[in-house]
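J.: Let me begin by handing over the structure; questions about it come next.
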Amino acid sequence: MTSELDIFVGNTTLIDEDVYRLWLDGYSVSDAVALRVRSGILEQTGATAAVLQSDTMDHYRTFHMLERLLHAPPKLLHQLIFQIPPSRQALLIERYYAFDEAFVREVLGKKLSKGTKKDLDDISTKTGITLKSCRRQFDNFKRVFKVVEEMRGSLVDNIQQHFLLSDRLARDYAAIVFFANNRFETGKKKLQYLSFGDFAYCAELMIQNWTLGAVGEAPTHPDSQVDDMDVDLDKEFLQDLKELKMLVADKDLLDLHKSLVCTALRGKLGVFSEMEANFKNLSRGLVNVAAKLTHNKDVRDLFVDLVEKFVEPCRSDHWPLSDVRLFLNQYSASVHSLDGFRHQALWDRYMGTLRGCLLRLYHD
Amino acid sequence: MPGKLKVKIVAGRHLPVMDRASDLTDAFVEVKFGNTTFKTDVYLKSLNPQWNSEWFKFEVDDEDLQDEPLQITVLDHDTYSANDAIGKVYIDIDPLLYSEAATVISGWFPIYDTIHGIRGEINVVVKVDLFNDLNRFRQSSCGVKFFCTTSIPKCYRAVIIHGFVEELVVNEDPEYQWIDRIRTPRASNEARQRLISLMSGELQRKIGLKVLEMRGNAVVGYLQCFDLEGESGLVVRAIGTACTLDKLSSPAAFLPACSSPSKEMKEIPFNEDPNPNTHSSGPSTPLKNQTYSFSPSKSYSRQSSSSDTDLSLTPKTGMGSGSAGKEGGPFKALLRQQTQSALEQREFPFFTLTAFPPGFLVHVGGVVSARSVKLLDRIHNPDEPETRDAWWAEIRQEIKSHAKALGCHAVVGYSESTSICEEVCILSASGTAAVLNPRFLQDGTMEGCLEQRLEENLPAGCGFCHIPYDELNMPFPAHLTYCYNCRKQKVPDVLFTTIDLPIDATVIGKGCLIQARLCRLKKKAQAEANATAISNLLPFMEYEVHTQLMNKLKLKGMNALFGLRIQITVGENMLMGLASATGVYLAALPTPGGIQIAGKTPNDGSYEQHISHMQKKINDTIAKNKELYEISPPDISEEIIGSPIPEPRQRSRLLRSQSESSDEVTELDLSHGKKDAFVLEIDDTDAMEDVHSLLTDVPPPSGFYSCNTEIMPGINNWTSEIQMFTSVRVIRLSSLNLTNQALNKNFNDLCENLLKSLYFKLRSMIPCCLCHVNFTVSLPEDELIQVTVTAVAITFDKNQALQTAKTHVEKSLQRASTDNEELLQFPLELCSDSLPSHPFPPAKEHLESASSNSGIPAAQRAVTVEKASPMGEGNFRNRSTPPCANSTVGVVKMTPLSFIPGAKITKYLGIINMFFIRETTSLREEGGVSGFLHAFIAEVFAMVRAHVAALGGNAVVSYIMKQCVFMENPNKNQAQCLINVSGDAVVFVRESELEVVSTQQPTTNCPPSCAGGEVTT
């Protein structure tokens, strides 16, 4: 006796959260059944393995049919075939677009292209995430990217509107899209200690302050880059950053800046002597990062540079985080007292964001 | 020209990409009704076209309106080649043809293609302007309401229950026409869908005509089936119960706060029947007079002798004592006469209802059934319905005579079914023989002193159990005792019925689903020989099914079966029998005796031991079941007269009638059994198997109950969470050395595993009950068994459920609701009372109000105005549909029950009767057979929901999947499936919302400006 056909269709589509998780994680039916057996469900319910097998198959079939709709979540809301309560729909979408930390760290900042897709095998082996799940996550990134890439308006809002994600997840996707678009390098060994959360935090700050959309008004040149205000960095701003170079190039200015900072921080900083000794190096590092951002290549290396030029030196001198905060605050604020420096607004736009990023990046 | 059909095509969405080059579609729509076709403009390059067409108007006869479906075809325009069809929508406009139902059909319909399934949606608005004509000889029956519900629909009151209506139409099956060889599968499927739709319409119209002839205005318990006979044709047949119904006005109007006199007046037109004769038919019918011109002698002969029935009764052995029920006797006889006369003029006193108004059912005799084996290739004139009509008439006659033999004049819970394999067809009919209260069968004129006395004498809760037949002349051996409830009348020890548990029945503990499953191998044979082989097997199968049921019932410690449905399915090389019923413990019936096992070879010591071991196991199971189902009847001292102490004797013999013709077997399930019937003799391995199989049935996991009736006895606190589902399983038997035992085991496992899967899947709903569990078995191929289950899971409140109702009378939900209705009936009766005293004859009044003549009283004119504008009910509908915050798709509930727990049905919008074919030539790509069928059933649900939503409803009640014919050819990568579903579209309001609505009632009369907006929502 073999089962040729075995189906269950409810007027309200049954969604088993545990099975959905297994399906999303890319397990085959037989693996999923084995995992469910191990969870002790048979003992709890008195069911047999055959029942579990049939149940798992049913759910997998349902998810497979739903997957097409999940690719365009508004369709899931308007379709008539599956009657699913709104709260369940939200859960389906949210879980489908959720991603693994380990995976996203591997592809963050990479071009979402066929080439990267070919590397998924390696990523799967490296992270222990099934290839199927890797593909889903990669395709999700790519799909969201394709839809919002050319769209005007707030990146987070666009993502939320077209994929009906929660605010939190939409922000994460905004970061992924932003990183993919600007191709920030995140995979270098010295960046390995950083989490996706760290990068997402930085991305949010950069979107808020460094993009065209951040200016909060129509772009100066009506024809340029109107479409992707939130995704691309403000080219003009990057160009202007060159002006900051005088902060380190002008010896007097640099000395003045140093003395201002040192005066203010004397006695307040545990690592004062180290700071005093390193000030010029640190300042040069931070200003040079800004000055180099006109080149795409250097934009990509932003995080590498920040870690190399600032995080690592401070860390090797064992600066506590509170001292880093005090230093950065003072370092940014003191520029306002430099009479010879005219680009105060530019400095604030640059340093405000950079300070936030650096503080987030500064940990072990 | 009595009708104008108006159709507007608004928009489409989610259309498939038809042009690969542009990834877009140039869609347009063809709207076809009868022979007239309109087209919309082509909406270029869009997957979400906005046609916003003009109103397409069809001027048609109401006959066509009833028969024809509206056919909407969405196509992709192609300049150089033929236009590609995207898909179709068939809309049954019948619900628009009677005034109380929907006024407009408007909404998103899935565009369906028989090869690709659902391909996007289309927004359509349909309206009908109907001009009443009073032509008596008309062929249409617009205005007759149809209900699938097998009880009086919740917001109606039965004035008269007229009785049985049936009709059958035949046509050539397009799949078997010569042209099928050259046309595409799609064309063939569409031809079939369209034909069945047409035939359904015609059938409904014809039945409607019969109802009008009987002066009724509605058909309740309407059951339509189609038989795919193959070469000999396609049969669509239907049965139902004609009634005259009165609409109970909307519940809000009854609340004292807002029931001003004018409100009550307003309800009158809604009660009004489209057929003007209904109300005046009462006093002057000749039927009433016949009631008394009845000869008692005739009645007596019917009671006492079986000579005028064509039954061959087995000798009565060991019959009970001669003590007749002294008090009950004369009344019973009188009542019988009355009822009989009321039913006499009916050819078939059958009722498809399974639940009845209180007091309708007087006595229940037992299950009557008849089967007949026919050869389809012997039909002389296959295109005409005569032969099939004659077959069914024969079977119905058989049923009627069986009922008579049980001292009953009516059959309730009546249903008919067929099973076809190649050229062999088994026709089956079954029902419950009963004695009915004549009050409902004609007008209220029968209510005399007699009835009052009867009612005094019939204690509530046990009357229906009392035997209707003459105890001296029992048609079969049965064991009678005095009723455990009233101690006055005799009752059988076991009662089998096909109806739902009567509301007033006193039940102890909870009920449970009981199934008997059976397979019998049969040699492959041709024609006559095949039919004979089947005919010979049938009685044995019925006997065994019956024995199994009885044993399982005993094992559960229960004494009555409700909702019994025995299905016999014929295949190439086997016969399958599946009986489902809900077992209960009726307080009026005696405590069932246990099951005793007797060995054949008493000398063998180890054998003896084995037997006693088995006996112990059985006794344990019974004890466990009693605890599980909370069966603890009050101890009654054994003072029963005429009950011999049970002794181990032979198995009870099942009585059956067999007619002469060789190709026909009919059977009568009369054996109510005796206590001594429950001695199982283990004389061979077969019997051993039987005992084993008895013990292998696993009870549902804790927190789960199941039944195949509407209501689970003993559970009364349902919550509003319901989940309707369909589950299908097909197993392939290993063809090697198939024996009956192996087959039985396979089948048993299939059913048990299916149930186990259901319990597992629905575990999140615990505590819950699977209600109306409906199993259907088919044998699509030699080695395939297909089981289809549709049921609804309803959760209940555990805290209250735990309060065991020991000797306390059941207060089931249904009862509570009828209590409500009784309360609600009060103002209604005021209305109906006021009607006869109305100065105008109803017909005239109707005409006048329609033309809003100045001669009508002011109050009434107001009514007509309100009726004409959809505003009043539109508002109501708005409110009743739960707002969906995030989703644009409204929730439509589906349930096989006639009610929705925790809610009140406020309106019936019409019958849903849909037939779909789905075919694929890429089975593997669609996920194999499971993927294919899973998607198809989900699509069918979606299409049902969309139609209900378009009618303005939010639920389907009495939903049933009547057919699910699945055929596969994996080698060719092909599969085909036909599904037929039906139900009643309704509007319901949550009981919690009801109060809100009623307090807001005065605001309903808002300016008409808000009416327009509603229509398009």
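The values are calculated or read from the model by the stated rules, or taken from the named source; none is laboratory data. These numbers come from a predicted model, not from an experiment. Reconstructed Cβ throughout: ideal geometry from the backbone, glycine too, with neighbour counts over all protein chains shown. Surface accessibility is based on the protein's heavy atoms, side chains included, excluding ligands, DNA and RNA. Shrake-Rupley method; radii C 1.70, N 1.55, O 1.52, S 1.80 Å.
J.: Here are some residues: A:Asn140, A:Asn158, A:Asn209. Which one is open to solvent by 40 Å² or more (accessible area, probe 1.4 Å) and either assigned to a helix (DSSP H, G or I) or outside the structural domain of A:Leu77 (by the TED database) (or both)?
T.: A:Asn209
J.: I would also like to ask the following. Of all residues in the stretch B:227-249, how many are assigned to a strand (DSSP E or B) and closer than 30 Å to B:Cys155 by Cα?
T.: Matching residues across the stretch B:227-249 total 12.
J.: Considering only residues of the stretch B:947-965 that are within 14 Å of chain A (Cβ to nearest Cβ) and either surrounded by fewer than 21 Cβ atoms within 10 Å (Cβ to Cβ) or more than 23 Å from the chain's Cα centre (by Cα) (or both), which is farthest from B:Ile731 (Cα to Cα)?
T.: Result: B:Ala950.
J.: I'd like to verify a number: residues in the stretch B:540-562 that are surrounded by 24 or more Cβ atoms within 10 Å (Cβ to Cβ) and either of a type in the set (Phe, Trp, Tyr) or part of a strand (DSSP E or B) (or both), how many?
T.: Of the residues in that region, 3 qualify.
J.: Among (1) more than 30 Å from B:Lys523 (Cβ to Cβ); (2) within 13 Å of chain A (Cβ to nearest Cβ), where does B:Glu752 come up short?
T.: (1)
Residue-by-condition table, conditions (1) open to solvent by less than 30 Å² (accessible area, probe 1.4 Å); (2) at pLDDT below 85; (3) part of a loop (DSSP other than H, G, I, E, B):
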position	(1), (2), (3)
A:Ala200	yes, no, no
A:Glu204	no, no, no
A:Ala218	no, yes, yes
A:Asp223	no, yes, yes
A:Asp228	yes, yes, yes
A:Val231	yes, yes, yes
A:Leu238	yes, no, no
A:Lys242	no, no, no
A:Leu247	yes, no, no
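J.: State the number of residues belonging to the stretch B:43-57 that are buried (at least 17 other Cβ atoms within 10 Å of the Cβ) and farther than 14 Å from B:Val125 by Cα. Full working, then the answer.
T.: Quick first cut of the stretch B:43-57, residues buried (at least 17 other Cβ atoms within 10 Å of the Cβ) only: B:43, B:49, B:51, B:53, B:56.
Keeping just the survivors that are farther than 14 Å from B:Val125 by Cα gives B:43, B:49.
Adding up the residues that qualify gives 2.
J.: Here's something else I'd like to know. Mind listing whichever residues of the stretch A:88-99 are open to solvent by 10 Å² or more (accessible area, probe 1.4 Å) and more than 9 Å from chain B (Cβ to nearest Cβ)?
T.: A:Arg88, A:Leu91, A:Glu94, A:Arg95, A:Ala98, A:Phe99
J.: Given B:Glu572, B:Glu528, which one is assigned to a loop (DSSP other than H, G, I, E, B) and open to solvent by 30 Å² or more (accessible area, probe 1.4 Å)?
T.: Going through B:Glu572, B:Glu528 in turn, the sole match is B:Glu572.
J.: Another one. Checking the conditions here, which among B:Ala588, B:Ala533 is among the hydrophobic types (A, V, I, L, M, F, W, C), open to solvent by 20 Å² or more (accessible area, probe 1.4 Å) and farther than 18 Å from B:Asn748 by Cβ?
T.: None of the other options fit; the residue is B:Ala533.
J.: Could you grab the pairs with beta carbons closer than 6 Å, sequence gap of 6+ or different chains, first residue in the stretch A:314-336 and of a type in the set (Ser, Thr, Tyr), second one outside any loop (DSSP other than H, G, I, E, B) and surrounded by fewer than 19 Cβ atoms within 10 Å (Cβ to Cβ)?
T.: A:Ser334/A:Leu260
J.: Determine the pairs where a residue that is at the interface with chain B (Cβ under 7 Å from one of its Cβ atoms), located within the stretch A:2-21, has a partner that is in a helix (DSSP H, G or I) and among the β-branched types (Val, Ile, Thr) with Cβ atoms under 6 Å apart, the partner being 6 or more residues away or on another chain.
T.: Qualifying pairs under 6 Å: A:Leu5/B:Val929; A:Val9/B:Ile937.
J.: Ok, one more. Listed residues A:His78, A:His64, A:His59; which is open to solvent by 50 Å² or more (accessible area, probe 1.4 Å), at pLDDT 90 or above and not hydrophobic (A, V, I, L, M, F, W, C)?
T.: A:His64
J.: Which of the residues that make up the stretch B:386-413 are in contact with a Pro (Cβ under 6 Å, 6 or more places away or on another chain) and part of a helix (DSSP H, G or I)?
T.: Result: B:Ala405, single match.
J.: From the set of residues in the stretch A:37-48 that are away from chain B (no Cβ under 11 Å), part of a helix (DSSP H, G or I) and of a type outside the set (A, V, I, L, M, F, W, C), which is farthest from A:Asn140 (Cα to Cα)?
T.: It comes out as A:Glu43.
J.: Taking the stretch A:60-75 on its own, how many of its residues are more than 9 Å from every other protein chain (Cβ to nearest Cβ), part of a helix (DSSP H, G or I) and not charged (D, E, K, R)?
T.: Qualifying residue count for the region: 7.
J.: While we're here: Looking at the stretch B:966-977 only, could you name the residues that are away from every other protein chain (no Cβ under 13 Å) and part of a strand (DSSP E or B)?
T.: B:Gln974, B:Gln976
J.: With respect to B:Ala85, determine if the residue is in a loop (DSSP other than H, G, I, E, B), touching a Leu at 6+ places or on another chain (Cβ under 7 Å) and in contact (Cβ under 8 Å) with a residue 24 or more places away in the chain.
T.: It is false that B:Ala85 is in a loop (DSSP other than H, G, I, E, B), touching a Leu at 6+ places or on another chain (Cβ under 7 Å) and in contact (Cβ under 8 Å) with a residue 24 or more places away in the chain.
J.: Then there's this: Test of understanding: among A:Val51, A:Val29, which residue is more than 30 Å from A:Gln161 (Cα to Cα) and more than 10 Å from every other protein chain (Cβ to nearest Cβ)?
T.: After applying the criteria, what remains is A:Val29.
J.: Residues in the stretch B:903-911: is at least one within 14 Å of chain A (Cβ to nearest Cβ) and in contact with a Cys (Cβ under 8 Å, 6 or more places away or on another chain)?
T.: No, because not a single residue in the stretch B:903-911 is within 14 Å of chain A (Cβ to nearest Cβ) and in contact with a Cys (Cβ under 8 Å, 6 or more places away or on another chain).
J.: For the stretch A:296-307, give me each residue that is more than 18 Å from A:Lys110 (Cα to Cα) and either at pLDDT below 90 or among the β-branched types (Val, Ile, Thr) (or both). Can you show your working first?
T.: Taking the stretch A:296-307 and keeping what is more than 18 Å from A:Lys110 (Cα to Cα), we get A:306-307.
Correct list: A:Val307 only.
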